[in-house]
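To start, the structure under review is shown below, and the notes come after it.
Any read-out appearing in this document is the output of simple, stated calculations on the displayed coordinates, not a laboratory observation. In this text, all values refer to a predicted model and were calculated from it rather than measured experimentally. For neighbour counting, all protein chains shown are included, and Cβ atoms are generated from backbone atoms with ideal geometry for every residue, glycine included.
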Amino acid sequence: MASIPFSAWLSLIGLMEAHFRRGLAGRDAVSEEIARVLALLEPLPPLSGPFPRNRQPATRHLEAAFQAGSAATADLLATIRPVASHLPWRYSYTKRKDAPGIGRNIAFAELVGPKAPFQSDRVCLGLTLIGPGTLYPAHAHPAVELYYVVAGMAEWTAGENAQRPAPGAFVLHPSQVVHSMRTDAEPLLAVYSWSGDDVKTLSAYTSPNPSPFHE
Ligand SMILES: [Fe+2]
C-alpha cells in the first residue's frame, strides 16, 4: 500500500486543532485547556521518524466508528478514514488476567507525544478507539487530558460524574482523576490531548477487578 504523504498528516492534525478551537468560546476549564494545548502545538514539533504502522486487532472496529459519526464531526472522520490504517495504533497497558481480551478492543494512535512521530515531551495528541460492548476500566495519569468525541456514544465516568457526550463534545480529565468509559452498541472514536508537568508517565489501571468485560 502506498505511503501517506506528509501533507496528509499535517492536514489531519490541523483539522484536529480546528475542532479544538471550536471549544475556545466556552470560557471555562475546557477552553482554558484547549488554549494551553493549542499553544503547545504551535509550532508543531518536527517529524522525528516514519509512522510505525502497527496493526492492532481493535482497528477492525474503525469502519463501524466511521458509520457512527455525526454531522458535527463528518469532516474530521472523512480526513481520518483514508489514513486510519496507517496510524501508529498500539495498546500500551500491561496485560490483566481479569480482562484478557481488552487489548483486542482498545487502541491508541498517538501523532504528537514523547514517542510519537511528531516528537514532543510537552504535549500529546492522538486518537482513542474503543470497540462496542467494552469497558475501558478505571485508570489515571499525571497529565491533564482533554477528549473530543468524534464518533459513538458511550458512558464516560470521571470521579463521581457520569455522562454520555455526543460527537463534537469535550470531556476534561484533570490530573490523576480516575476515569473510565463503557461503550454499548457503537464503538467510540475520540481525539485526546495530554498536557501538564508530566506527559511521559503512561496511564495505569486503578481497579484490580473491573466489572465483567465482554467483546
Ligand atoms: Fe485518560
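What lysines could a cross-link reach from residue 200, if we take a straight Cα to Cα line under 25 Å and drop same-chain neighbours fewer than 8 places away?
Once the sequence-local lysines are set aside, what remains near residue 200 is 95, 115.
Among 183, 71, 159, flag the residue with its Cα farthest along the positive direction of the charge dipole of the chain, charges on Cβ as +1 for Lys/Arg and -1 for Asp/Glu.
183
Sorted by average packing, counted as other Cβ atoms within 10 angstrom per residue and highest first, what order do 98-109, 7-18 take?
98-109, 7-18
Given the -39500 (n - 2.57) contribution per DSSP H run of 4+ residues, what per-residue ellipticity at 222 nm results for the chain, rounded to the nearest 500 deg cm²/dmol? Don't skip to the end; give the middle numbers.
Numbers: 4 runs with 41 residues, N = 215.
Theoretical 222 nm ellipticity from helices: -5500 deg cm²/dmol.
In whole Å, what three semi-axes, largest first, describe the equivalent ellipsoid of segment 6-205 built from its Cα gyration tensor (square root of 5 times each eigenvalue)?
22, 20, 18
Got the relative contact order for the chain handy, in percent, Cα pairs under 8 Å and 6 or more residues apart?
Result for the chain is 23 percent.
For the ranges 180-189, 53-62, 127-136, what's the packing order if you count other beta-carbon atoms within 10 Å of each residue, average per peptide, and put the highest first?
Descending mean neighbour count gives 127-136, 180-189, 53-62.
So if R0 is 30 Å, what FRET efficiency would residue 48 and residue 75 give, r being the distance between their Cβ atoms, rounded to the nearest 0.05? The partial results should precede the final answer.
On the way: r = 28 Å, r/R0 = 0.93.
FRET efficiency, residue 48 to residue 75: 0.60.
Order these peptides, 197-203, 146-152, by their mean beta-carbon neighbour count within 10 angstrom, highest first.
Result, highest mean Cβ count within 10 Å first: 146-152, 197-203.
Taking Cα centroids, how far is segment 158-182 from segment 119-146 in Å?
Each part's Cα centre sits 11 Å from the other's.
For the chain, build the charge dipole from Cβ charges (+1 Lys, Arg; -1 Asp, Glu) around the Cα centre, then report which of 132, 192, 87 sits farthest towards its positive end.
It is 87.
Out of all DSSP beta bridges with both ends in segment 6-205, state the antiparallel percent to the nearest 5. Walk me through the numbers on the way to the answer.
Values: 41 of 43 bridges.
Looking only at bridges with both residues in segment 6-205, the antiparallel portion is about 95 percent.
Set the Förster distance to 35 Å, then compute FRET efficiency between residue 4 and residue 98 from the Cβ-Cβ distance, nearest 0.05.
0.40
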